[in-house]
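Beneath this line is the structure, given in structure tokens, with notes to follow.
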Protein chains: 2
Amino acid sequence: MPKPPTITDVADEAGVSISTVSRHMRGDRVRAAKRIDRAIARLRYRPSPAARSLKSGKTGAVALVVPDVTNPFFAAVVRGAESITAQGRHIIFLANTDESDDREAAVIEDLLSRVDGMLLAPASESDPNPQRLADAGVPTVLIDREGPSAGCFDVVLVDNYGGARSAVEHLLSLGHERIATIAGPVGSTPGRLRLEGYSATMADAGIDPPSAFVQPGGFMEHGGYQAMMQLLALPDPPTAVFVANNLMTIGALRAIKDIGVRVPDDLSIIGFDDHPFSEILDPPLTVVGRPMEQQGALAMRMLLSRMSENPGRMARRVVLDTHLIQRASCSPPRENPMSIPQGARALINKFPKHPHPERGSPDGSGRKRTGTTLERRN
Amino acid sequence: MPKPPTITDVADEAGVSISTVSRHMRGDRVRAAKRIDRAIARLRYRPSPAARSLKSGKTGAVALVVPDVTNPFFAAVVRGAESITAQGRHIIFLANTDESDDREAAVIEDLLSRVDGMLLAPASESDPNPQRLADAGVPTVLIDREGPSAGCFDVVLVDNYGGARSAVEHLLSLGHERIATIAGPVGSTPGRLRLEGYSATMADAGIDPPSAFVQPGGFMEHGGYQAMMQLLALPDPPTAVFVANNLMTIGALRAIKDIGVRVPDDLSIIGFDDHPFSEILDPPLTVVGRPMEQQGALAMRMLLSRMSENPGRMARRVVLDTHLIQRASCSPPRENPMSIPQGARALINKFPKHPHPERGSPDGSGRKRTGTTLERRN
DNA sequence: ACCTTACCTGAAAACGGTTTCAGAAACGGT
DNA sequence: ACCGTTTCTGAAACCGTTTTCAGGTAAGGT
């Protein structure tokens, strides 16, 4: 374990002072340039980031704080952000917050003094953490979600409202009226806006959906599962469902599969966020798509510019467009109301309002659909 | 932008020397403890990581270098690793290498002096980078892939060979003989071992598959797509395919869907690595599963212990078990050879051996299946 | 030769902590 | 009251850079 060489070693080797070496590294013209380069190469010298940032106050690092890297959307954001820093001289700290304000506070506290800037997807809109960052003077760009002090931060959003609207309008145009939604937490920007988009579009169409048609799913897979179960258990179930995020869509589709409902014959489904798998589902899933990697890349670009430019500049607010990707999970509603198989109804009733702890046992994964006896119901 | 308080400010405020403050922070008994705490709270003092690591030589950070966070497997690994450090006093640098040795070298060079340890999934087995880390004295744990100097590094693998074997044995037990595989790069540990598992199991069964039954897919989605196209174009196509990773499986399924082959009637499919979507595919996908988050968590635990314990300890090599998750994408082979629809054959021929640059145009995602009459429903 | 200007250089002072060292204060036993 | 311990303390050195400052040297004009 030979200790790494310092600038002093290089200076000695090259027969100059450390100041000269330092200047050479910075790019200044220096007489001994060649000798210094040789010394650096021979010694395999790398300047110490710690010493450097102690002196300069800059760390050369950027933090990226997201609720969950496992969510393909945030994975894409990470990738997009990373693709920008990769070319420049910044590296990325990554942290998960598990959608918790407290965890987020802890994470931020940790990262605060280690970075020159931060990309943050706040857990909720009431989250006080962005303000904390502002107080500490850390340049910050919010991703996908707005904070409580909206307007004070750079932020990169997508048109959640418009996306939801286009989804619901698509369903309306197919002739659906009994349209339900599985919504995210209203405390988060996407959760709130996608729900508002749904509600407004329904209202515009002159439809006042029953309150049970808005099911909270918490942006989690099992929440989507439960929510869909609730919808299917309704005496008068919807003919179409707009599921407001990718994870919940998986859960909802699992529920649909468990019950044996046919898509799109019995029920039309439209999700939010595309995924490679969406295309190979049967039927291929219609979704609201958005430029995910671009969202991350753009946010990182904005952060870098905010870090280098005048920091007092007005906050920028970018809203990216969504686009409807029509596949085959939506069709006109059937004339007769959908029928839920007998055995399935028992299964539905096993999932009442209260959240269940986790996804079922590992073995449950192989479960085949239940019986197929049909029972009319309205 | 009030400059953050330093230890000197705290010392002044508390009326002691900086040494005393420093000792108090470290946990030593100190008379002025209470006053110091008050000063710290009042000033919102946070010690500077830069100064700290300059003196101590420790950074409190750990690097996690993976080929691609967008791959659900690595996303899970990140999450697992993160769940371990979250409790302790380390934070994570994340970097993608895009499966390139060169990019990896650059990334590592950057990270080298900023971390106390590194978790690395090397791009290839001939990758010289782990050795570079060893030379630099950075504690390193390899994830999922072994380096050239196997045995010199701690490493957390899964039983790739056994997993592949169980997949192929499953197909054999169903009566298949014409079993093909879509393999990863043989230069990588999982690619090589999963292929070896396939080959050995076939040999044990007394079967010598034609060489065209081993299609390289490069662990990428479009590679899996092409590979499956190749297999389907064979005059005598396989009755079952073992796809050696998750991304390639998506591509393979897209190809299958595009051509209109029925699973499992025409072709049995088994993938490697489970995914929430696998369960809701039609038919649900049979896969070789493995504990992904645990793999990341375990690797991180090993790294932390290696960093704290005697660094000269023998390298540990952990191999985690895989498990077969039987769903519905495999069945006994049909008696008559599968028939490829006429129109589809033209499509197949559009994808010859040479790799195509990227996944088709963004708009291609909405493509409906080509004109075949094969409609399937159960 | 001499002075100016333009470069380039090395010594030294930061940056904000940790750690060593020697000494001061408190303590306990006689 | 004295001495030997133990516990606590502040001054100062150090970690590896960057940056300021005051020269020093070479080039250019007279």
Test set (1) within 30 Å of residue B:274 (Cβ to Cβ); (2) in contact (Cβ under 8 Å) with a residue 40 or more places away in the chain; (3) open to solvent by less than 30 Å² (accessible area, probe 1.4 Å); (4) not β-branched (Val, Ile, Thr) - residue B:60 fails condition number | (1)
Would you pick out the residues in the stretch B:291-329 that are modelled with pLDDT of 95 or more and within 12 Å of chain A (Cβ to nearest Cβ)?
-> B:291, B:292, B:293, B:296, B:323, B:324, B:325, B:326, B:327, B:328, B:329
Does residue A:160 count as polar (S, T, N, Q) and under 17 Å from residue A:273 (Cα atoms)?
-> yes
In the stretch B:1-21, which residues are in contact with a helix residue (DSSP H, G or I) (Cβ under 8 Å, 6 or more places away or on another chain) and within 12 Å of DNA strand C (Cβ to nearest atom)?
-> B:4, B:5, B:7, B:8, B:9, B:10, B:11, B:16, B:17, B:18, B:20, B:21
Subset tally (residues that are open to solvent by 60 Å² or more (accessible area, probe 1.4 Å), closer than 29 Å to residue B:116 by Cα and out of contact with any Gly (no Cβ under 9 Å at 6 or more places or on another chain)) for the stretch A:28-53 = 6
Have a look at A:106, A:123 and point out the one that is more than 16 Å from DNA strand D (Cβ to nearest atom), aliphatic (A, V, I, L, M) and without any contact (Cβ under 8 Å) to a residue 12 or more places away in the chain.
-> A:106
Quick one: is residue B:151 out of contact with any strand residue (DSSP E or B) (no Cβ under 6 Å at 6 or more places or on another chain) and closer than 25 Å to residue B:49 by Cβ?
-> no
Given the conditions (1) of a type in the set (A, V, I, L, M, F, W, C); (2) touching a strand residue (DSSP E or B) at 6+ places or on another chain (Cβ under 7 Å); (3) within 14 Å of chain B (Cβ to nearest Cβ), which single one is not true for residue A:241?
-> (3)
Identify, by number, the condition in (1) within 10 Å of chain A (Cβ to nearest Cβ); (2) open to solvent by 10 Å² or more (accessible area, probe 1.4 Å); (3) modelled with pLDDT under 95 that residue B:95 doesn't meet.
-> (2)
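Matching residues to (1) away from every other protein chain (no Cβ under 11 Å); (2) touching a helix residue (DSSP H, G or I) at 6+ places or on another chain (Cβ under 9 Å); (3) within 9 Å of DNA strand C (Cβ to nearest atom); (4) assigned to a loop (DSSP other than H, G, I, E, B):
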{"residue": "A:23", "(1), (2), (3), (4)": "yes, no, yes, no"}
{"residue": "A:42", "(1), (2), (3), (4)": "yes, yes, no, no"}
{"residue": "A:70", "(1), (2), (3), (4)": "no, yes, no, yes"}
{"residue": "A:77", "(1), (2), (3), (4)": "no, yes, no, no"}
{"residue": "A:82", "(1), (2), (3), (4)": "no, yes, no, no"}
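Determine if the stretch A:205-212 includes at least one residue that is modelled with pLDDT of 95 or more and crowded, with 24+ Cβ neighbours inside 10 Å.
Checking the stretch A:205-212: not a single residue is modelled with pLDDT of 95 or more and crowded, with 24+ Cβ neighbours inside 10 Å.
The values are calculated or read from the model by the stated rules, or taken from the named source; none is laboratory data. Being a predicted model, the structure only gives us computed values, none of them experimental. As a convention, Cβ positions derive from the backbone with ideal geometry for all residues, glycine included, and neighbour counts pool all protein chains shown. Surface areas here come from the heavy atoms of the whole protein model, side chains and all, with no ligands, DNA or RNA. Shrake-Rupley method; radii C 1.70, N 1.55, O 1.52, S 1.80 Å.
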